[in-house]
1. Positive end of the dipole of the stretch 1-64, charges at C-beta (+1 Lys, Arg; -1 Asp, Glu), about the Cα centre: which of Gly42, Ser63, Gly8 has its Cα farthest in that direction?
2. Could you check which residue among Ser71, Ser52, Ser17 shows the biggest mean-square fluctuation in a GNM of the chain with a 10 Å Cα cutoff?
3. Taking just the C-alpha trace of the stretch 41-123, give me its Rg and Dmax in Å.
4. Could you please report the charge total around Leu18, scoring K, R as +1 and D, E as -1 over all other residues with beta-carbon less than 14 angstrom from its beta-carbon?
5. Starting from 0.36 nm per residue, how many nanometres of slack lie between Val5 and Arg27 once their C-alpha separation is accounted for?
6. Just to confirm, what accessible area per residue do you get for the chain at 1.4 Å probe, in whole Å²?
7. Out of the total accessible area of the chain (probe 1.4 Å, heavy atoms of protein only), what percent is carbon and sulfur?
8. How large is the Rg to Rh ratio of the stretch 11-52 when both quantities use alpha carbon positions and Rh follows Kirkwood?
Amino acid sequence: QVQLVESGGGLVQAGGSLRLSCAASGRTLSSYTMGWFRQAPGKERDFVASISSSGTITYYPDSVKGRFTISRDNAKNMVYLQMNSLKPEDTAVYYCAATGRVRITTANDVYYWGKGTLVTVSS
């Protein structure tokens with residue numbers, strides 16, 4: 001069992017930056033592919049970023065590519081999401097995710113979820 005706790009959300013103006021953190025406990029993260037998803041009110045939970053267990057392979061959808069960067073520190077059992085050039089459409093609850101699969105592309109791939117952290121981007 002893996003417990004995930006997100007932090008770092010908040011209110012930021014358009015064009016600003018935020019760094020989200022995900023702390024894991026229960027089991028070491030080094031064997032899991034990790035990811036971030038987001039869910040805006042009334043919308044589905046969407047894939048934002050993923051990183052392989054070794055940290056060498058990352059994936060992003062076009063909507064955030066070039067603006068968001070996922071990273072991990074297996075020694076600290078931490079995963080991060082650096083978000084730059086934020087837009088109002090990035091407003092959502094952001095969820096940390098873990099899976100034993102090689103890659104995360106949809107919510108169906110996820111084994112463990114955090115409870116989320118709210119990011120609000122004002123225009």
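1. Farthest towards the positive pole: Gly8.
2. Ser17
3. Cα only, the stretch 41-123: 12.8, 38 Å (Rg, Dmax).
4. +2
5. 6.6 nm is the gain from fully extending Val5 to Arg27.
6. On the way: 6220 Å² over 123 residues.
Ligands and nucleic acids excluded, the result is 51 Å² per residue.
7. So the carbon and sulfur contribution to the accessible surface is 48 percent.
8. Rounded to two decimals, Rg/Rh equals 1.04.
The values are calculated or read from the model by the stated rules, or taken from the named source; none is laboratory data. The structure presented is a predicted model; accordingly, all values stated were derived computationally and were not measured. No Cβ is skipped: glycine too gets one built from the backbone with ideal geometry, and neighbour counts run over all protein chains shown. Surface areas here come from the heavy atoms of the whole protein model, side chains and all, with no ligands, DNA or RNA. Shrake-Rupley method; radii C 1.70, N 1.55, O 1.52, S 1.80 Å.
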